[in-house]
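Enquirer: Encoded as structure tokens, here's the structure I'll be asking about.
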Amino acid sequence: MLAKLKQLSADEEAAIEAAALEARYGQLEPQDIITFSIGRFGLQGLGAVSSFGADSAVLLHMIARIDPALQVIFLDTGKHFGETLQYRDALAADFGLRNITVFEPLPAALAQRDPGGDLHKSSTDACCNIRKVEPMARAVEPLAAWFTGRKRFQAATRNGLPVFEAVGPRIRINPLAKWTTADLAAYMREHQLRENPLVAYGYLSIGCFPCTQPVKEGEDARSGRWAGQAKTECGIHLSDLDHSLTASSL
């Protein structure tokens with residue numbers, strides 16, 4: 001009697017697919033990765049998450065040239081710099097992006113956990129969970145895959161970043177993973193892209209204003225985020241997101 005084959009879970013299938021995609025397409029140029037991914041997952045199953053931060057213009061410009069109708073997800077934490085919100089609107093106009101969707105924290109969660117808007121002072125993790133991780137989970141829940149602008153050079157925690165990776169049953173795609181600061185700068189110059197105005201003041205990785213500082217000379221690009229703390233990621237790129245995606249509230 002033949003043994004029954006084990007049925008793979010959705011998470012296992014995604015992990016196998018991500019590994020196969022990485023092996024076959026991970027060395028392509030970013031534009032080719034974007035084009036392939038749109039064909040593979042379709043506009044209904046794919047999105048891009050952008051913070052409209054220091055170098056967000058590069059990935060967004062590539063996407064706009066390939067298909068400006070692709071959904072671009074923006075997490076409005078309620079704590080962004082005013083310059084970031086202005087930059088978001090300016091890039092949307094520059095590139096003709098037609099499908100920017102904004103996700104905000106749940107009002108009930110803010111009322112219960114952060115009524116004074118100062119939760120970041122006592123727990124940056126809890127603040128990020130309410131203002132970023134949970135909204136991110138809602139944003140990508142209908143999708144099969146999404147793009148990020150993460151790069152390997154940004155921090156030691158990203159040194160081994162693949163282009164294709166699994167997050168639970170979904171695929172996360174990092175088209176710019178292997179690009180360097182020189183690559184980004186050259187692309188910005190070649191296409192005369194608008195720069196986030198905060199970069200001129202030393203903000204090389206831009207998050208919420210209470211937890212973001214200018215980067216000191218010689219430090220990595222993300223050293224200004226949660227300076228003085230062991231925290232290096234808000235959680236939307238870590239297992240916290242997968243936990244939120246499987247929460248009963250979704």
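The values are calculated or read from the model by the stated rules, or taken from the named source; none is laboratory data. Note that this is a predicted model, so its numbers are computed, not measured. In this analysis, Cβ positions are derived from the backbone assuming ideal geometry, glycine residues included, and neighbour counts consider all displayed protein chains. Calculation scope for accessible area: heavy atoms of the full protein, side chains included, ligands and nucleic acids excluded. Shrake-Rupley method; radii C 1.70, N 1.55, O 1.52, S 1.80 Å.
Enquirer: Inside the stretch 39-62, can you point out the residues that are in contact with a strand residue (DSSP E or B) (Cβ under 6 Å, 6 or more places away or on another chain) and either surrounded by fewer than 18 Cβ atoms within 10 Å (Cβ to Cβ) or in a helix (DSSP H, G or I) (or both)?
Expert: Within the stretch 39-62, F41 is the sole residue that qualifies.
Enquirer: Test of understanding: among N159, N174, which residue is polar (S, T, N, Q) and crowded, with 20+ Cβ neighbours inside 10 Å?
Expert: N174
Enquirer: Would you list the helices (runs of 4 or more DSSP H) that sit entirely within the stretch 64-149 and hold 3 or more residues that are closer than 24 Å to A18 by Cα?
Expert: Qualifying helices (runs of 4 or more DSSP H): 134-140.
Enquirer: Within the stretch 2-30, which residues are open to solvent by less than 70 Å² (accessible area, probe 1.4 Å) and over 23 Å from G160 (Cβ atoms)?
Expert: Once the filter is applied, which keeps residues that are open to solvent by less than 70 Å² (accessible area, probe 1.4 Å) and over 23 Å from G160 (Cβ atoms), the stretch 2-30 yields S9, A10.
Enquirer: Quick one: count up the residues across the stretch 173-201 that are over 17 Å from F153 (Cα atoms) and without any contact (Cβ under 8 Å) to a residue 40 or more places away in the chain.
Expert: Selection size over the stretch 173-201: 5.
Enquirer: Looking at A137, is it closer than 30 Å to Y25 by Cα, of a type in the set (G, A, S) and open to solvent by less than 30 Å² (accessible area, probe 1.4 Å)?
Expert: In short, yes.
Enquirer: With the condition kept exactly as written, say whether any residue in the stretch 135-150 is among the polar types (S, T, N, Q) and free of Cβ contacts under 8 Å to residues at least 12 places away in the same chain.
Expert: No, every residue in the stretch 135-150 fails to be among the polar types (S, T, N, Q) and free of Cβ contacts under 8 Å to residues at least 12 places away in the same chain.
Enquirer: Which of the following residues is farther than 20 Å from T212 by Cβ, of a type outside the set (F, W, Y) and either open to solvent by 40 Å² or more (accessible area, probe 1.4 Å) or modelled with pLDDT under 95 (or both): L97, L70, L106?
Expert: Exactly one residue qualifies, and that residue is L106.
Enquirer: Give me a count of the residues in the stretch 176-187 that are under 18 Å from I34 (Cα atoms) and either touching a strand residue (DSSP E or B) at 6+ places or on another chain (Cβ under 6 Å) or part of a helix (DSSP H, G or I) (or both).
Expert: 3
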